[in-house]
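One structure is given below, encoded as structure tokens.
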Amino acid sequence: MISKKSRIGLGLSTAVGLFLAQAAPALAFDPSGVPVADAFLKLLDSDSGDVESYGSVNETGGDVTIADLVLKSEDDDGTVTIGTTTLSGGSVLDNGRLKLSGLQLQNLELAADDGGLTMANMTATDLVLPAAEEVQNGAPTVDPSYKTFEASTIQINDEDGKIATIDTITSSIDEMDGDQPTSGSFAISNIVVDVKEIQAEEAKSLQDLGYETLNMNISGSGKWDPDAATINIPDLKIDGQDAAALTLSLSLGGVTREVVEELNKASDNPEESMALLQNISVSNVRIRLDDASLTGRVLDQEAQKAGVDTQQYVVGLTGSLPLMLGMLQNKDLEGQVAEAVTQYLTNPGSLEITASPENPVPFAQIMGAAMMAPQMVPQLLGVSITANQ
């Protein structure tokens, strides 16, 4: 929620954002004569990709419908086709921006030499899209904004065919502070990845663990309180079915309007962004892993490589923990970690790490300790660990 770019969902970025990079001074299409449609088409038209054609433009009541829209890249290596584009409640503002109560894309296909993407439906509500001239000039305050976003029935292909599908992607911005989002949530449901079709080494490792497909759900929510200068993310979760679920929650302080504004400006400057983060503080962090067979698969595989049975391998691994944990230089924490990890590896259930300092700790202090005395970081943050609870 710090970055303005978080306002546009994944599907909208894929379907439309590819063609918002820079608006060309000359249009590659014949205007329709319908102001709302022409503002939208002009925004899509770019110097690296053009609105090649559209079938028809019809205006009925508050809806403008564009049929058979075709967008093509300048070097002819990618094409986007959209069966039906519906712009609802549209108006062109005095600054050239396009305001819509709703946007719907149906039967979208992105085709490229190295694969592509298809999407049955995409909808967004309460949009404000930048003027083409603003995009062309690179103005910093022209990112599209929206209230709700949903994309459904998505298929991702490489040059050899389908590699993944996604049932739905949803996102909402629930509250705003000026032009900054302060509260929202998202979910990506039923991601199915065909592990056999992915050439990366990580995919080979998953196959070795017995996974032919990987099914995942990802969700999260967050709230930024500009007056209190806090950010709370109660539940960011990646859930791999028949694998494991990883959940993160955290609370940060020192996140003022000024910090957010400067971070937006420094989004392309990592050094400046890092400097701005120094005054942000950590109030609470929780990381939880819930096993659903992944740990057992890994232990079985490693035991097989070592030429021993799994139980014997776990005993050897947990027996070496005291020596491995000596670097913490904190006897209480060493004992806590050794006990929790032993419980988890012996009977995989859950493993939870929390950081609950008595007072918020600035990032600058954490980074300083990490460089000068890394063994002090767990004590500084009040780190604890538990298993199977």
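The values are calculated or read from the model by the stated rules, or taken from the named source; none is laboratory data. Keep in mind it's a predicted model, so treat the numbers as computed, not measured. We place every Cβ from the backbone using ideal geometry, glycine too, and count neighbours over all the protein chains shown. Only protein heavy atoms, including side chains, enter the accessible area calculation; ligands, DNA and RNA are left aside. Shrake-Rupley method; radii C 1.70, N 1.55, O 1.52, S 1.80 Å.
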message: Straight-line reach only, C-alpha to C-alpha below 16 angstrom: list the aspartates and glutamates that residue 147 could link to, leaving out same-chain residues fewer than 8 apart.
response: 126, 174, 175, 177, 179
field: Calculated log₁₀ intensity ratio I(q)/I(0) where the Debye formula runs over C-alpha points of the chain, q = 0.08, 0.12 Å⁻¹
entry: -0.57, -1.09
- prompt: Going through the range 208-265, which GluC sites (Glu not before Pro) have at most 12 other Cβ atoms within 10 Å and a DSSP loop state?
  reply: 212
message: Taking loop as defined by DSSP and a crowding limit of 15 other beta carbons within 10 Å, which GluC sites (Glu not before Pro) in the range 43-142 fit?
response: 74
field: Whole-number accessible area per residue in Å² for the range 267-331, which is evaluated in the context of all protein chains at 1.4 Å
entry: 65 Å²
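Given charges of +1 on the Cβ of Lys and Arg and -1 on the Cβ of Asp and Glu, with all other atoms neutral, how large is the dipole of the range 62-181 about its Cα centre, in debye to the nearest 20?
Magnitude of the dipole: close to 520 debye.
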- line: Given unit charges at Cβ for Lys, Arg (+) and Asp, Glu (-), the dipole magnitude of the range 122-210 about its Cα centre in debye, nearest 20, is 220 debye
query: How far, in degrees from 0 to 90, does helix 294-306 lean away from the longest principal axis of the Cα atoms of the chain, to the nearest 10?
result: 60 degrees
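Using +1 on the beta carbon of Lys and Arg, -1 on that of Asp and Glu, and nothing else charged, what's the dipole of the range 168-225 about the Cα centre, debye to 20?
200 debye
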statement: Burial-style ranking of 227-234, 304-311, average other-beta-carbon count within 10 Å with highest first, yields 227-234, 304-311
query: For residue 248 and residue 202 in the same chain, what is the full-extension length gain: residue separation times 0.36 nm, less their Cα-Cα distance, in nm?
result: 14.3 nm
- request: Would you mind giving the average projected area, over all directions, of the Cα convex hull of the range 27-164 in nm² with one decimal?
  value: 8.7 nm²
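Once neighbouring chains are kept in place and the probe is 1.4 Å, which whole percent of the accessible area of the chain is contributed by carbon and sulfur?
53 percent
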task: Count the net charge of all other residues whose Cβ sits under 14 Å from the Cβ of residue 39, scoring Lys and Arg as +1 and Asp and Glu as -1.
output: -3
- request: Provide the per residue accessible area, probe 1.4 Å, for the range 48-174, rounded to a whole number of square angstrom.
  value: 46 Å²
Rounded tilt (10° steps) of 363-372 against the dominant C-alpha axis of the chain: 50 degrees
message: On a 20 Å Cα-Cα criterion, which of the cross-link pairs 42/99; 237/305; 72/196; 162/196; 237/265; 72/162 come out too long?
response: 237/305; 72/196; 237/265; 72/162
- line: Yeah, the range 318-389 with a ≥ b ≥ c from its alpha-carbon gyration tensor (a/c under 1.5 is rounded, else prolate when a/b outruns b/c, oblate otherwise) is oblate
